[in-house]
Amino acid sequence: MNIKDWLLKEEKADVFLISDISKHGCSGGFNGLIYYNETVRFHDEHEQEIWDLLYEHAQDEGLSLIQKIAQIFKQVKTDAGSLAQLKNQLVWWAVEVRAHEICNEREAA
């Protein structure tokens, strides 16, 4: 299951609203994406999609992959102190990107 499908499934189950993630981000806490053990597992399950998305956005913005990752961390005003923190932030970023895409698709329909 890709990230978009996961978001749609969780929204349908009344776990959260995708529009809330799109507006407020993940850092406020959304069921299934709160604790490091949850986000690390999510990253590992969606690793290829997350890194493909990172690469795509980096290319679109004229950045290297490491520059894009640094930009993500600069936006949240923190640094990755561990691999778990890196995976956590990348998951939150990717989920937010997919949530924005879903909301944009809904507005266009």
Original post:
Of Gly81, Leu54, Gly32, which is farthest on the positive side of the dipole of the chain, counting Cα position, with +1 on Lys and Arg Cβ, -1 on Asp and Glu Cβ, and the Cα centre as origin?
Top reply: Gly81
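Step through the table entries Lys9/Lys77; Lys4/Lys87; Lys23/Lys87; Lys9/Lys87, compare each Cα-Cα distance with 24 Å, and write down the pairs that go over it.
Working: Lys9/Lys77 31 Å; Lys4/Lys87 18 Å; Lys23/Lys87 22 Å; Lys9/Lys87 22 Å.
Pairs exceeding 24 Å: Lys9/Lys77.
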Subject >> Most positive-pole-ward Cα, Ala13, Ala108, Ile69, against dipole of the chain from beta carbon charges >> reply: Ile69
Subject >> Rg/Rg_globular for the chain, with Rg_globular taken as 2.2 N^0.38 Å and Rg from C-alpha atoms >> reply: 1.03
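How large is the dipole of region 3-108 about the Cα centre if only Lys and Arg carry +1 and Asp and Glu carry -1, each at its Cβ, rounded to the nearest 20 debye?
Values: 11 positive and 19 negative charges, 69 e Å.
Using Cβ point charges on Lys, Arg, Asp and Glu, region 3-108 gives about 340 debye.
Sorted by packing (mean other beta-carbon atoms within 10 Å per residue), highest first, where do 55-68, 34-47, 81-94, 3-16 land?
Numbers: 55-68: 12.6, 34-47: 15.9, 81-94: 18.4, 3-16: 14.4.
Ranking the peptides 55-68, 34-47, 81-94, 3-16 by packing returns 81-94, 34-47, 3-16, 55-68.
Only the coordinates and a few stated rules stand behind these numbers; no lab work does. It should be emphasised that the depicted structure is a prediction, and the values quoted were computed from it without experimental measurement. Note: ideal-geometry Cβ built from the backbone for every residue, glycine included; neighbour counts use all protein chains shown.
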